[in-house]
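The values are calculated or read from the model by the stated rules, or taken from the named source; none is laboratory data. Only a predicted model underlies this, so the values are computations on that prediction, with no experimental measurement involved. We place every Cβ from the backbone using ideal geometry, glycine too, and count neighbours over all the protein chains shown.
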Amino acid sequence: MTITAGFASGAYQAARNLASSQAASSGAAAAFGSAAAGAAPGGFGQMLTQALEGAAASGRAAETQVVSAATGKGNLVEVVTAVAESEAALQTLVAVRDRVISAYEEIMRMPI
């Protein structure tokens, strides 16, 4: 797989957007996590909150690597690796979100 500058830039932007949107919605995620955790300790809400925090952390790590490379102190391989990890975390979260929406739609189609 060849990684181009456009690919790395797109992954970086996606991770940055995820980190900023996660920071903006941290109150809602925390509320959802605490509500679900109240129903079942270590439940789905807590897992979802941890996944969001992990994806945001990987985005911050990628951003740190990009800044260090831009200042001439970083290694390009480490930058690409961090950005790829961040992109994989983002793609995983999007896939989980899509499955949750699909499950919700299926439940809504069930007869009462």
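Considering only residues of segment 36-50 that are closer than 23 Å to L90 by Cα and outside any helix (DSSP H, G or I), which is modelled with the lowest pLDDT? Out of the qualifying residues, it is G42. Residue under question is G33, and the condition is that it be modelled with pLDDT under 55 and crowded, with 18+ Cβ neighbours inside 10 Å; does it hold? For G33, the condition - modelled with pLDDT under 55 and crowded, with 18+ Cβ neighbours inside 10 Å - is met. Tallying residues that are without any contact (Cβ under 8 Å) to a residue 60 or more places away in the chain and farther than 13 Å from A55 by Cβ within segment 83-100 yields 3.
Do we find that V83 is over 24 Å from M47 (Cα atoms) and crowded, with 17+ Cβ neighbours inside 10 Å in this structure? Criteria not met by V83.
Listed here are the residues, each with its yes/no results for (1) outside any helix (DSSP H, G or I); (2) surrounded by fewer than 17 Cβ atoms within 10 Å (Cβ to Cβ); (3) at pLDDT below 90; (4) of a type in the set (F, W, Y).
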residue: S68; (1), (2), (3), (4): no, yes, yes, no
residue: V79; (1), (2), (3), (4): no, no, yes, no
residue: A88; (1), (2), (3), (4): no, yes, no, no
residue: Q91; (1), (2), (3), (4): no, yes, no, no
residue: V96; (1), (2), (3), (4): no, yes, yes, no
residue: E106; (1), (2), (3), (4): no, yes, no, no
